[in-house]
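The values are calculated or read from the model by the stated rules, or taken from the named source; none is laboratory data. These figures come from a predicted structure and were not determined experimentally. Using ideal geometry, Cβ is built from the backbone for each residue, glycine included, and neighbour counts are taken over all protein chains shown. In case anyone asks, the SASA skips ligands and DNA or RNA and just uses the protein heavy atoms, side chains included. Shrake-Rupley method; radii C 1.70, N 1.55, O 1.52, S 1.80 Å.
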Amino acid sequence: MHEFTFKDNELYCEDIKVSAIAKNIPTPFYLYSYKTLIDHYRKLKTAFSSIKPLICFSVKSNSNIAILRALVKNGAGLDIVSGGELYRARLAGTDPKKIVYAGVGKRPDEIEDAIKAGILFFNVESEEELDAVQRIAMLLKKRVNVAIRINPD
């Protein structure tokens, strides 16, 4: 389903004229269709339903809290790459067990905050990062799940 349509040469988002929205708020602006967003998320989830996936939306791709909340409300997890994104994920009401922390250059304080929050796992990018996660987890007396990215070369 795609909720952006033309009717009588007028662009609509769901059942609202885009021109009417533009008259009431400053331009330029971003306009999202909740129905389209959630429909696409549900199609992905259904396509992989046999393996009961956790589909994680990349906060880096769009950190709009309303977008994150809509996806989280419908069962999505979030893929984060920084402490700031962890903050936004928590603001959006994400269950920490549906947060995956990827990305290079994680600072020790960010690793600590994520461990304390109880995220699902870290995508570890290097031996040094793995050592840092292990060291901080030991200091906090926590067990931490990691996925290790490798380069086959």
For this session: Go over the candidates ILE51, ILE55, ILE119, ILE99 one by one and state the one that is β-branched (Val, Ile, Thr) and either within 27 Å of PHE29 (Cα to Cα) or over 17 Å from the mean Cα position of the chain (by Cα) (or both).
Result: ILE51
Seminar exercise, completed: Over segment 41-64, the set of residues open to solvent by 60 Å² or more (accessible area, probe 1.4 Å) and either closer than 22 Å to ARG88 by Cα or in contact with an Asp or Glu (Cβ under 9 Å, 6 or more places away or on another chain) (or both) is LEU54, LYS60, SER61
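Looking at segment 107-114, is at least one residue assigned to a strand (DSSP E or B), among the hydrophobic types (A, V, I, L, M, F, W, C) and either closer than 28 Å to LYS52 by Cα or out of contact with any strand residue (DSSP E or B) (no Cβ under 7 Å at 6 or more places or on another chain) (or both)? Full working, then the answer.
Taking segment 107-114 as the starting set, the residues that turn out to be assigned to a strand (DSSP E or B) are none.
Checking segment 107-114: not a single residue is assigned to a strand (DSSP E or B), among the hydrophobic types (A, V, I, L, M, F, W, C) and either closer than 28 Å to LYS52 by Cα or out of contact with any strand residue (DSSP E or B) (no Cβ under 7 Å at 6 or more places or on another chain) (or both).
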For this session: State the number of residues belonging to segment 115-129 that are assigned to a helix (DSSP H, G or I) and either small (Gly, Ala, Ser) or over 16 Å from LYS141 (Cα atoms) (or both).
Result: 4
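Looking at GLY83, GLY105, GLY75, can you tell me which residue is free of Cβ contacts under 8 Å to residues at least 12 places away in the same chain and surrounded by fewer than 21 Cβ atoms within 10 Å (Cβ to Cβ)? If you could, list the steps in order and put the result at the bottom.
Numbers: GLY83 fails: free of Cβ contacts under 8 Å to residues at least 12 places away in the same chain; GLY75 fails: free of Cβ contacts under 8 Å to residues at least 12 places away in the same chain.
The conditions single out GLY105.
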